[in-house]
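For reference, the structure is listed below as structure tokens.
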Amino acid sequence: MSDFNEDDLNLSSGIAAFEAKHFGRAAQLLSPLAEQGNPEAQYRMAVIQQNGLLGAPHPDEAYRLMKAAAEAGHALAQHGLGFMYMEGECTEQNAAEAVKWFQLAADQGLAGSLTTLAMMYQEGRGVERNDAEAKRLYKLAGFDM
């Protein structure tokens with residue numbers, strides 16, 4: 001017998017709807033799971049809320065959901081939260097906090113976070129400028145340096 005339950009089915013269906021850009025259906029399936037603490041559902045609902053994919057954006061809700069998923073260790077949510085802090089979107093701009101979240105996602109091998117973190121070290125944004133660290137991170141992200 002499989003351990004696949006209704007929540008698993010709703011998550012899979014919600015992700016499929018999200019990827020197909022059927023955001024209303026995705027939200028219908030993912031929102032209850034997000035409120036139950038599912039990090040993947042929280043991340044996708046945060047993206048929906050941040051970008052206003054159901055109408056008006058809801059930055060406070062987007063931040064709450066992104067942060068919950070990031071704190072649960074979801075790499076894309078950690079990257080998303082880092083971006084929110086870096087750009088001051090859905091929360092106050094805080095470059096040092098952005099570095100923290102990009103680092104957590106980079107530690108999980110997320111190339112986008114490695115690249116963004118490298119740029120931040122190169123520019124001295126949120127961290128002390130460190131060209132050697134920037135170069136190391138760019139290499140880890142797959143760039144020829």
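So, restricting to helices (runs of 4 or more DSSP H) that lie completely within the stretch 35-145, which ones have at least 3 residues that are more than 22 Å from ALA16 (Cα to Cα)? It comes to 59-71, 75-87, 95-107, 111-123, 131-140. Among the residues of the stretch 32-46, write down those that are out of contact with any His (no Cβ under 8 Å at 6 or more places or on another chain) and of a type in the set (Asp, Glu). Residue satisfying the conditions is GLU35 alone. Among the numbered conditions (1) among the charged types (D, E, K, R); (2) under 19 Å from LEU110 (Cβ atoms); (3) not assigned by TED's automatic domain parsing to the domain that holds ALA106, the only one that ARG64 does not meet is (2). Do we find that ASN51 is of a type in the set (S, T, N, Q), surrounded by fewer than 20 Cβ atoms within 10 Å (Cβ to Cβ) and either out of contact with any strand residue (DSSP E or B) (no Cβ under 9 Å at 6 or more places or on another chain) or more than 29 Å from ILE15 (Cα to Cα) (or both) in this structure? Criteria met by ASN51.
Residues checked against (1) more than 26 Å from HIS58 (Cα to Cα); (2) in contact (Cβ under 8 Å) with a residue 24 or more places away in the chain:
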{"residue": "THR91", "(1), (2)": "no, yes"}
{"residue": "ALA98", "(1), (2)": "no, yes"}
{"residue": "GLN108", "(1), (2)": "yes, yes"}
{"residue": "SER113", "(1), (2)": "no, yes"}
{"residue": "GLU123", "(1), (2)": "yes, no"}
{"residue": "VAL127", "(1), (2)": "yes, yes"}
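Only a single criterion out of (1) crowded, with 20+ Cβ neighbours inside 10 Å; (2) more than 22 Å from HIS79 (Cβ to Cβ) is not satisfied by ALA46, namely (2).
The values are calculated or read from the model by the stated rules, or taken from the named source; none is laboratory data. Everything numeric here is computed off the predicted structure, so don't read it as measured data. Positions of Cβ are backbone-derived with ideal geometry, glycine not excepted, and every protein chain shown enters the neighbour counts.
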